[in-house]
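Engineer: Structure incoming, see below.
Just so it is clear, none of the values below were taken in a lab; they were calculated from the coordinates. What you are looking at is a predicted structure, and each value in this text was computed from that prediction instead of being measured. Cβ coordinates were reconstructed from backbone atoms using ideal geometry, including for glycine residues, and neighbour counts include every protein chain displayed.
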Amino acid sequence: MRIIHATDYDDMSKRAASYILERFKDIHTIGLATGGTPKGLYEQLIPFLQKQDLTNMHTVNLDEYVGLAPEHPNSYRQVMNKLLFNEVDIPLANTHLPNGVASDLEEECKRYEALIHFLGVDLQILGIGENGHIGFNEPGVDKNSKTHIVKLTEETREANSRYFKQREDVPTHAITMGIQTILASKEIVLLASGEHKAQAIYDMVHLEPNPTCPASFLKHHKNVTIIVDTKASVKL
Ligand code: GLP
């Protein structure tokens, strides 16, 4: 695991953007994350992406809430449209997320997993949950997991409730890439900012790979870079 230290959120976002732009010509499929963490990175990338021909580029997102239709304002599809896809000239058909309202969710997981393997992810962007989750792989997850349905922990629902009108509106389940799905990408870049992420960052870096901190499984990958600001790295 390589660690790049940034001073604050803004610096983390800029460093992440330069890191990705240096490799941009080799990225055909990029794995994207939602949450507040990569927002600044996307803002940094937009002016560059607006000048690129993105006709052949594909994106795959880590996860989607079960029960929220793609049109729902809190669906990760809408979040990504707002944060990035509507701002750049990428064919929407090339931007992939799991369908949280598929009639057969197990089949949807298989379809999404197969699509990811067909496209092959060149670089996967990750955030991290306060409990060490990546995507929606919560503590206890199987290290061999592929795309699957998860029951969200109350901690994660609470953390994500800030985006919803009321806490009860936060879905109880999600579809997420599994640990193996994430580890299959050629390169991984994980971003973290703020003191509330410091314990998760410590556990990820210092613990042996184990399910109590899903991000610790990233140690099984040869090409992981973490970009952390001063507050998130305070315990390292
Ligand atoms: C959600 C997402 C994760 C994200 C995490 C942290 O649970 N599924 O992909 O990393 O939140 O979010 P934030 O970046 O807002 O702290």
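Engineer: Could you state the orientation-averaged shadow area of the convex hull built on the Cα atoms of the stretch 66-165, in nm² to one decimal?
Structural biologist: Mean shadow area of the hull around the Cα atoms is 7.5 nm².
Engineer: Here's a follow-up. Show the residues, 5+ positions off or on another chain, whose built amide H is closer than 5 Å to the amide H of Leu126.
Structural biologist: Sorted by chain and number, the residues that satisfy this are Val189, Leu190, Leu191.
Engineer: Here is a follow-up. When every alpha-carbon pair in the stretch 8-142 is counted, what percent end up more than 17 Å apart?
Structural biologist: Across the stretch 8-142, Cα pairs with separations above 17 Å total 61 percent.
Engineer: For Leu236 and Thr172 in the same chain, what is the full-extension length gain: residue separation times 0.36 nm, less their Cα-Cα distance, in nm?
Structural biologist: 19.8 nm
Engineer: Using the alpha carbons of the stretch 2-229, what is the convex hull volume per residue in cubic angstrom, as a whole number?
Structural biologist: 114
Engineer: If the cut-off is 30 Å between C-alpha atoms, which lysines fall inside it for Lys235, apart from same-chain ones fewer than 8 positions away?
Structural biologist: Within the straight-line limit of under 30 Å, Lys235 reaches these lysines: Lys14, Lys39, Lys143, Lys151, Lys186, Lys197, Lys219, Lys222.
Engineer: May I pose another question? Once R0 is set to 41 Å, what does the formula 1/(1 + (r/R0)^6) return for the Cβ-Cβ distance between Lys165 and Ala102, expressed as a FRET efficiency to the nearest 0.05?
Structural biologist: E between Lys165 and Ala102, to the nearest 0.05, is 0.95.
Engineer: With n ≥ 4 as the cut-off for DSSP H runs, can you work out [θ] at 222 nm for the chain, using -39500 (n - 2.57) per run divided by the number of residues, rounded to the nearest 500?
Structural biologist: After summing the helix terms and dividing by residue count, I get -8500 deg cm²/dmol.
Engineer: Report the calculated FRET efficiency for His206 and Asp89 (r = Cβ-Cβ distance, R0 = 41 Å), to the nearest 0.05.
Structural biologist: The value I calculate is 0.45.
Engineer: So what are the ³J(HN,Hα) numbers for the stretch 45-62, from phi and the Karplus equation (6.51, -1.76, 1.60; θ = phi - 60°), rounded to whole Hz, Gly and Pro as x?
Structural biologist: Values per residue, Gly and Pro as x: 6, 3, x, 5, 5, 5, 9, 9, 8, 9, 4, 9, 8, 10, 10, 10, 8, 5 Hz.
Engineer: Name the aspartates and glutamates eligible as straight-distance cross-link partners of Lys110: C-alpha to C-alpha under 18 Å, and not fewer than 8 places from it in the same chain.
Structural biologist: Asp63, Glu64, Asp142
Engineer: I would also like to ask the following. Let me check against my output: what whole-number percent is the relative contact order of the stretch 2-229, with C-alpha pairs under 8 Å and at least 6 apart?
Structural biologist: The value is 26 percent.
Engineer: So, one more: So for Ile46, Ile201, fewest C-beta neighbours within 10 Å to most, what's the order?
Structural biologist: Ascending Cβ contact count within 10 Å gives the list Ile46, Ile201.
Engineer: Still on this structure: Quick one: Debye curve from the alpha-carbon atoms of the stretch 60-123 only, equal weights, vacuum; give me log10 I(q)/I(0) at q = 0.21, 0.25, 0.26 Å⁻¹ to two decimals.
Structural biologist: -0.91, -1.17, -1.22
Engineer: Placing unit charges on C-beta atoms (Lys and Arg positive, Asp and Glu negative, everything else neutral), compute the dipole magnitude of the chain about its Cα centre in debye, rounded to 20.
Structural biologist: It comes to approximately 440 debye.
Engineer: Taking the number of other C-beta atoms within 10 Å as the exposure measure, put Tyr42, Tyr202 in order starting with the fewest.
Structural biologist: Neighbour counts put them in this order, fewest first: Tyr202, Tyr42.
Engineer: Right, something else. Evaluate E = 1/(1 + (r/R0)^6) for Met1 and Arg23, where r is the Cβ-Cβ distance and R0 equals 22 Å; express this FRET efficiency to the nearest 0.05.
Structural biologist: It comes out at approximately 0.80.
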